[in-house]
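Everything below concerns the one structure shown next.
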């Protein structure tokens with residue numbers, strides 16, 4: 001009797017072990033799938049612009065900064081200290097180092113930097129039947145059938161999710177949130193035959 005009981009107990013333990021193993025395997029697969037759907041994101045922004053802009057230029061040789069052709073300074077645009085500003089002007093490498101902690105699109109021609117930033121509004125629009133994936137800190141507003149405005153709390157998160165949605169098959173199209181700046185009318189011909197000029201990012 002004891003041998004039969006031991007044999008039955010061993011069988012039950014094996015069955016229970018197999019069941020527990022299967023459950024753990026299923027949980028592991030589900031967890032892995034969820035992780036694969038959520039991109040690795042750094043939510044905190046580094047260097048950001050204080051003012052909306054289409055283009056910022058930095059002429060290192062003349063220590064001249066312009067936001068959309070208006071003279072300004074590194075401190076006014078990026079909220080940095082005087083020490084950081086002075087260090088950035090010492091070389092191309094130091095300026096690149098300052099700008100590297102950002103999501104800016106940066107080009108360099110000699111000693112002249114040109115900066116653009118398509119993520120500064122922290123929004124973009126997607127065309128899809130539905131938005132299937134969402135991360136913490138993301139707001140989804142349906143503008144019309146099949147068009148959604150996605151809003152985020154940081155530029156870095158906006159860029160990460162822009163790249164993430166580009167690789168999702170259910171997203172038909174992604175549209176940047178554009179910035180427009182109107183020039184004031186300062187010539188009478190603009191009121192008769194012309195109009196104010198608009199720029200878009």
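The values are calculated or read from the model by the stated rules, or taken from the named source; none is laboratory data. It should be emphasised that the depicted structure is a prediction, and the values quoted were computed from it without experimental measurement. Cβ atoms come from the backbone with ideal geometry, glycine included; neighbour counts cover every protein chain shown.
Name every residue in the range 38-58 that is touching a strand residue (DSSP E or B) at 6+ places or on another chain (Cβ under 7 Å) and surrounded by fewer than 14 Cβ atoms within 10 Å (Cβ to Cβ), in order of residue number.
51 - this is the single residue of the range 38-58 that is touching a strand residue (DSSP E or B) at 6+ places or on another chain (Cβ under 7 Å) and surrounded by fewer than 14 Cβ atoms within 10 Å (Cβ to Cβ).
A quick yes/no check of all residues on (1) exposed (fewer than 13 other Cβ atoms within 10 Å of the Cβ); (2) touching a residue at least 12 places away in the same chain (Cβ under 8 Å); (3) within 14 Å of the chain's Cα centre (by Cα):
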{"position": "83", "(1), (2), (3)": "yes, no, no"}
{"position": "93", "(1), (2), (3)": "yes, no, no"}
{"position": "104", "(1), (2), (3)": "no, yes, yes"}
{"position": "115", "(1), (2), (3)": "no, yes, no"}
{"position": "121", "(1), (2), (3)": "no, yes, yes"}
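Give me the pairs, please: first residue somewhere in the range 165-177 and within 13 Å of residue 148 (Cβ to Cβ), second residue anywhere and part of a helix (DSSP H, G or I) and at pLDDT 90 or above, beta-carbon distance under 7 Å, and either six or more positions apart or on two chains.
From the range 165-177, the pairs are 171/165; 174/162; 174/165; 174/166.
How about the range 1-107: which helices (runs of 4 or more DSSP H) wholly inside it have at least 2 residues that are in contact with a helix residue (DSSP H, G or I) (Cβ under 9 Å, 6 or more places away or on another chain) and modelled with pLDDT of 95 or more?
Filter on the range 1-107 gives 74-78, 82-88, 92-100.
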